[in-house]
Each structure stands twice: as C-alpha cells, then as structure tokens.
Amino acid sequence: MLRVVCFQTNPKLGETLYNVLNASKLLGSLQARSRSLPPVANTLAVFPEMAFTGYNFAEEGLHSMVEKEAGASREWALNAAKSSGFHCVLGYPELCGRDSYNSAIWAGPNGLVYNYRKHHLYTVDEELGYKEGPGFRKFAVNLCGKEIIAAIGICMDLNPYRFEADFSEYEFGRFIVENDADLVVIPCAWMAVPPEEADPVKRMVAYWVTRLTPLINDSKERVVIICNRVGNEVNCTYGGSSCVLILGGPKKAQLVSAASCGSEDVLIVDLSIHNDQIKASVP
C-alpha cells in the first residue's frame, strides 16, 4: 500500500526559513497522525512548485533565491526523507554552474532518487532567466517492494510548449504513455480560474485531466498526483485544487480526492497497485 500526501501550502515569497519550518511542522504532524492510520509500506509526501521560496520573485532577487546543491529546499527534502522514512517530492530553484532551473527533487529514505528540470517554461520562468530542461524523463523508484516507473512534470509542462504547440499534441501526456510510466507527480504554482466561474475545483481538475488525454485513452491505469499551491503573489492568485487521479483503463478518469481551491490543505490517499489494477481509499 502506498500513502500519497499532498501538502497544499501557501509559501511566503522569499521567506525560505518560514516555509521550511512550516513544512517540517506539517511533516511532523503527518508522522504523528500516521500512527493512528492503517499501516502502509511507503508514504509519498508531495509539495508544490517552488515550495520554500515562492514563485514569482523579481529578477533582481533571483540570485539570492536560486539554490546551490546544498540549498535549503534540496537539503530539507533529503534530510526529511531520511529521518521520516518517507519519499518527498518538492519544487525548488536550482543553480547548476551559471545556469538556473525550475526543478523538482524526489528524495527517498536512501537519498536522491531523481532531480527533474522543468521542460515547458512559463513566461515568468523565462523572465527570471531559467533555462529549459532537456526534456521529459522517466525513472525507476522502489515503492511497496517493487520497481515503479515514475515521471515528474512541473506546472506548465501540462500545457502546450510555450502555448505555441497544437493543443491536441498533449506532449507530456503522450510521453507518459509512450514510456509506460506508472506514477506521475506534478508540483504546481497554477493560477486560479477567474472568480466569476462556478465550481473552480471542478473546472481546474477538468482542465488538467484534458491535458492528460493520452492517459485517459490508454488501457493501463495510472496514478497522477497534482500538488498545487494557494495564496497570492504580485497580483497573482493561485488556485489550489490539488488532487489524486486514476487515469486510463475501463473507467477512463477517476478523481479520487481533491483539495479546496483557496486554502491550505492536506490531502491523504492510500493506493494499492496490483497487476496494473489500482484501488484507492481515503483514510
């Protein structure tokens, strides 16, 4: 059994220490709560894009925010995974030589599992000088005693490349199916739908599902975890709606659970994956 936990947080822009302490508090609460929940083989804790720095900081502040290998986000993820025994995924600004990337780290109890660099850059990423990642990637991770093929996308990776590619190309979704990934994790800083629109969570999740159409149309069931943030930055409001989905197979698209659109939340889902059949429950 795999327990998925989405921490839908409201990172304070530029307040790394505050955000790190908040994440530590949340993880500690999860550890305490886990003692009263059914036992599971592994826990996967997911945080949003730019989880500890905030996302839309001014260009002149980029240098101080971009993190070297031992930066706060990366170090926290590795230490938290080791001390808790959980797997942790979170987005962070990465500095590699002279280049900076919008990245996400997957840390496991035994160390680094994978580091992914955002491939489809949003306009803010380009304005801040981030380099484009080399492409979508798959990787193997041991969960629940077996090797799982996973993929990470970050926010804009769900959209058409630079909003210029044809909508129906579904680049990221097509990559997932063609590379037979089992599990997809997507940290986001996705803006809220217009306030005048009804049922914002439903509309947000429906759009994400549409962008993953190749998974819906495939015979294999796959787990998709989308962890979005909430809050406001520089005249921008983020839309939450973090969710766990099962896409593909005979049921096509299943929304297992979703968070609210406007407030911090913790989403917990237990998953059993056996012979490509996925069963989900909310403990």
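Couple of notes before you dig in:
- The strands (runs of 3 or more DSSP E) located wholly in the stretch 214-255 that include 1 or more residues which are free of Cβ contacts under 8 Å to residues at least 24 places away in the same chain occupy 230-233.
Yes/no matrix, rows are residues, columns are (1) charged (D, E, K, R); (2) more than 22 Å from residue 269 (Cβ to Cβ); (3) surrounded by 13 or more Cβ atoms within 10 Å (Cβ to Cβ):
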| residue | (1), (2), (3) |
| --- | --- |
| 35 | yes, no, no |
| 46 | no, no, yes |
| 54 | no, yes, yes |
| 84 | no, no, yes |
| 106 | no, no, yes |
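- If you go through the stretch 165-212 and pick out every residue that is touching a helix residue (DSSP H, G or I) at 6+ places or on another chain (Cβ under 9 Å), assigned to a loop (DSSP other than H, G, I, E, B) and modelled with pLDDT of 95 or more, you end up with 8.
- Entirely in the stretch 29-139, the strands (runs of 3 or more DSSP E) that have 3 or more residues that are without any contact (Cβ under 8 Å) to a residue 60 or more places away in the chain and hydroxyl-bearing (Ser, Thr, Tyr): 99-108
- For residue 268, the criteria (1) in a strand (DSSP E or B); (2) out of contact with any strand residue (DSSP E or B) (no Cβ under 9 Å at 6 or more places or on another chain); (3) of a type outside the set (S, T, N, Q) hold in every case but one, which is (2).
- Checked against the criterion of being surrounded by 19 or more Cβ atoms within 10 Å (Cβ to Cβ), among the β-branched types (Val, Ile, Thr) and touching a Cys at 6+ places or on another chain (Cβ under 9 Å), the candidates 176, 273 yield just one match: 273.
- Remark: residue 159 falls outside the filter, which requires a residue to be in contact (Cβ under 8 Å) with a residue 40 or more places away in the chain and surrounded by fewer than 15 Cβ atoms within 10 Å (Cβ to Cβ).
- Single residue of the stretch 111-135 satisfying the filter (among the small types (Gly, Ala, Ser) and closer than 21 Å to residue 171 by Cα) that is surrounded by the fewest Cβ atoms within 10 Å (Cβ to Cβ): 135
- Any hit, the stretch 179-190, residues being of a type outside the set (S, T, N, Q), surrounded by fewer than 20 Cβ atoms within 10 Å (Cβ to Cβ) and touching a Cys at 6+ places or on another chain (Cβ under 8 Å): no
- Residue check for residue 74: out of contact with any helix residue (DSSP H, G or I) (no Cβ under 8 Å at 6 or more places or on another chain) and crowded, with 20+ Cβ neighbours inside 10 Å: yes
The values are calculated or read from the model by the stated rules, or taken from the named source; none is laboratory data. Everything quoted here is computed from the prediction, not taken from an experiment. Counting neighbours? That spans all protein chains shown, and the Cβs are built from the backbone with ideal geometry, glycine included.
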